[in-house]
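Working notes for the structure below.
Where a number appears in this text, it was derived from the coordinates with a stated rule and is not lab data. Nothing here was measured: the structure is a model prediction, and the numbers come from that model. No Cβ is skipped: glycine too gets one built from the backbone with ideal geometry, and neighbour counts run over all protein chains shown.
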Amino acid sequence: MSLELPRMGHEVTVCPDGLTAAAALERNSYDCILVDLDMPGLSGIEVIAKAKALSPQTDAVVLTGKSSLDTAIAALRQGAFDYLTKPCKLIELQALLQRVAEKRELTNKYLAIKRQLERLEGKSQLIGPSALMDQVRQLIAKVAPTNSTALILGETGTGKELVARSLHDQSLRADMPFVAINCGALPESLIESELFGHRRGSFTGADEHRVGLFEVANGGTLFLDEIGELPKAMQAKLLRFLESGEIRRVGENDSFTVDVRVVCATHRHVEQMVEDGDFREDLMFRINTFEIHLPPLRERIEDIPPLAAHLILRFRPGARPQDEHFSPEVVRALSSHVWPGNVRELANVIEHATILCPSGPISLEHLPTKFESRRLRSPAAAPGQLKAIGTAPQTLREIEMQVIYQALERLAGNKPKVAEELGISLKTLYNKLNQSNAPLEKSA
């Protein structure tokens, strides 16, 4: 076994007796232990009990002679995974260890689902027809099938975790766990244990063995949100994993290998953090193999109406997409807001409105008070440019023109840039402006 199991890809520790095995279990955790029943010092059943007390996730396989089947059955009742009679065939042992690995994989999937259940909202969807979001979707499609690390950059609330989920869903790891953690949400004293796990008794409060998120995500994707908040000591440990693929639980001496794709995100400027000495330069080069920039909501206002329509279905479970959920005035008000909180702020506004108006079209009076000053306001056209539409657009056509006028005002009438930002051709833009019966002036 000590010769053949490593050739099968297993890491093996050999112990000559029960006492040595118990000492090894004190130092490290193992996925599986193979124990004889009759050993000096401690019996096989005592070693199994020791392993289960230290690491409940460890599976045990009993090796026994044909005359000791009753004892083997007793070991099964003590929590052993299975038993083999001696002399056992190598192919039988290989098949049994494969079953142990499959069980552990299912356990990790269960733990991942359990930890993410409250936040899980189904398969990821990137809503928005804008050209900027099309670029994001194209980048995701290119990097998803690879194993490269990815760095998602964007302001708070833009949906960086949704991009990471989309990347995972389109990858070859889609059937394996997706595990997310906010690096800034945990105290520095606990983040190492959360990521890498710990042994019972390794520090004050470690009352039981804990599986780390790297181990839970084995075979899948680990999303490290707000990577800029990661303490310097943990940056070194993350760099070590990215270079070697090895992790070590807190309180253990030996490292072991996991297969995890790391995706990171931050709203901070990593290059500036490197210059300030707050972030390791070598780690920055490791995590930004492929960058995805997620634009803020104010730069893709044409995405606001479809996003609002998508979000309201979340807060009105029985609603239908074809129902009229917003008055034209509300769509105009939402499209003219700056949205410093981005999509997260939009979701809060929609939830607020659905509380006040659980059914039927949402009107201006259902929006938060910060929209009061916009209820009767219509953006004026820039000097010498196009006239603005009325204060209360009543048709989809008028709402569309409102978006165009706002873009013209923001970009000082530069129509090629307006067309590029809105994701339409320059010819289409001129056609829409001609149809609005507004006088056109040549762009610069």
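Between Val338 and Ala131, what length comes free when the chain is fully extended (0.36 nm per residue of separation minus the Cα-Cα distance, one decimal in nm)?
On the way: separation 207, 0.36 × 207 = 74.52 nm, distance 1.91 nm.
Working it through step by step, the gained length comes to 72.6 nm.
Once R0 is set to 30 Å, what does the formula 1/(1 + (r/R0)^6) return for the Cβ-Cβ distance between Lys103 and Asp70, expressed as a FRET efficiency to the nearest 0.05?
Numbers: r = 25 Å, r/R0 = 0.84.
Computed FRET efficiency for Lys103 and Asp70: 0.75.
What number comes out for the charge environment of Lys160, summing +1 per Lys or Arg and -1 per Asp or Glu over other residues with Cβ under 13 Å away? Walk me through the numbers on the way to the answer.
On the way: positive: Arg165, Arg268, Arg344; negative: Glu155, Glu161, Asp225, Glu226, Glu291.
Within the 13 Å Cβ shell, the charges total -2.
As I understand it, the dipole of the chain uses +1 on the Cβ of Lys and Arg and -1 on the Cβ of Asp and Glu, about the Cα centre. Which of Met273, Val62, Val349 lies farthest toward its positive end?
Val349
log10 I(q)/I(0), Debye, Cα-only segment 89-235, no solvent, q = 0.11, 0.16, 0.18, 0.20 Å⁻¹?
After summing over all Cα pairs, the log10 values are -0.52, -0.98, -1.16, -1.33.
For the chain, what is the mean residue ellipticity at 222 nm derived from helices alone (per DSSP H run of n ≥ 4: -39500 (n - 2.57); sum divided by total residues; nearest 500 deg cm²/dmol)? Walk me through the numbers on the way to the answer.
Working: 18 runs with 192 residues, N = 444.
The helix-only estimate for the chain comes to -13000 deg cm²/dmol at 222 nm.
Starting from the Cα-Cα distance between Ser425 and Ile91, subtract it from 0.36 nm times their residue separation and give me the gain in nm to one decimal.
On the way: separation 334, 0.36 × 334 = 120.24 nm, distance 6.46 nm.
That pair, Ser425 and Ile91, stretches by 113.8 nm at full extension.
Please list, ordered by chain and number, the residues whose modelled amide H lies under 5 Å from the amide H of Ala60; skip anything fewer than 5 residues away on the same chain.
Here Ile33, Phe81, Asp82 satisfy the definition.
Report the full-extension gain for the segment Ser189 to Ala141: residue separation times 0.36 nm, less the Cα-Cα distance, to one decimal in nm. Let's see the in-between values first.
Working: separation 48, 0.36 × 48 = 17.28 nm, distance 3.71 nm.
Residue separation times 0.36 nm, minus the Cα-Cα distance, leaves 13.6 nm.
Mind giving me the FRET efficiency for Lys232 and Phe315? R0 is 30 Å, r the Cβ-Cβ distance, nearest 0.05 is fine.
Working: r = 41 Å, r/R0 = 1.37.
The pair Lys232/Phe315 has a calculated efficiency of 0.15.
Consider just the alpha-carbon atoms of segment 145-192 and return their Rg together with their Dmax, both in angstrom.
So, for segment 145-192, Rg and Dmax equal 12.7, 35 Å respectively.
Calculate the spin-label point distance for Asp38 paired with Leu84, positioning each point 7 Å from the Cα along the beta-carbon direction, and give it in nanometres.
2.0
Return the long-range amide H neighbours of Ile152 (sequence gap of 5 or more, or a different chain), with a cut-off of under 5 Å between placed amide H atoms.
Cys264, Ala265, Thr266, Ile292
Run the quick spin-label model on Asp259 and Phe203: label points 7 Å from Cα toward the beta carbon, then report their separation in nm to one decimal.
Going from the Asp259 label point to the Phe203 one covers 3.1 nm.
Suppose R0 equals 41 Å; then what is the FRET efficiency for Glu291 and Asp17 from their Cβ-Cβ distance, rounded to the nearest 0.05?
Values: r = 54 Å, r/R0 = 1.33.
Computed FRET efficiency for Glu291 and Asp17 comes out at 0.15.
Out of His168, His352, His267, any idea which swings most in a Gaussian network model of the chain, alpha carbons joined below 10 Å?
Evaluated over the chain, the most mobile residue of the options is His352.
Just want the answer: with Cβ charges of +1 for Lys and Arg and -1 for Asp and Glu, which residue in Pro317, Ile48, Ala101 is farthest toward the dipole's positive end in the chain?
Highest projection toward the positive end goes to Pro317.
Report, in listed order, any pair from Lys86/Lys109; Lys142/Lys427; Lys109/Lys237; Lys142/Lys415; Lys52/Lys86; Lys50/Lys103 with a Cα-Cα distance greater than 27 Å. Write down the numbers at each step before the final one.
On the way: Lys86/Lys109 34 Å; Lys142/Lys427 30 Å; Lys109/Lys237 24 Å; Lys142/Lys415 31 Å; Lys52/Lys86 24 Å; Lys50/Lys103 21 Å.
Distance filter (> 27 Å) returns Lys86/Lys109; Lys142/Lys427; Lys142/Lys415.
Can you sort Cys88, Cys264 by how many other beta carbons sit within 10 Å, fewest first?
Values: Cys88 16, Cys264 27.
The fewest-first ordering by Cβ neighbours comes to Cys88, Cys264.
So for each of 173-186, 212-225 I average, over its residues, the number of other beta carbons within 10 Å; can you give me the resulting order with the highest mean first? List each step's numbers first, then the result.
Values: 173-186: 18.1, 212-225: 23.0.
Sorting 173-186, 212-225 by mean packing, highest first, produces 212-225, 173-186.
With an 8 Å cut-off on Cα pairs and a minimum separation of 6 or more residues, tell me the relative contact order of segment 131-295 in percent. Mind dumping the intermediate values first?
On the way: 302 pairs, mean separation 57.0, N = 165.
Computed over segment 131-295, the figure is 35 percent.
For the chain, give the magnitude of the charge dipole about the Cα centre (Cβ charges: +1 Lys/Arg, -1 Asp/Glu; no others), in debye to the nearest 20. Could you put the intermediate results ahead of the total?
Numbers: 52 positive and 58 negative charges, 242 e Å.
Dipole magnitude for the chain comes out near 1160 debye.
In debye to the nearest 20, how big a dipole does segment 131-295 give about its Cα centre with +1 on each Lys and Arg Cβ and -1 on each Asp and Glu Cβ? Present the calculation step by step, with values, prior to reporting the outcome.
Values: 17 positive and 26 negative charges, 76 e Å.
The dipole magnitude comes to about 360 debye.
For the chain, what does the relative contact order come out to in percent, with C-alpha contacts under 8 Å and a separation of six or more?
Numbers: 670 pairs, mean separation 57.7, N = 444.
Result for the chain is 13 percent.
For the pair Glu246/Gln272, report the inter-label distance in nm, with labels modelled 7 Å from Cα in the Cβ direction.
Between Glu246 and Gln272, the simple spin-label model gives 3.8 nm.
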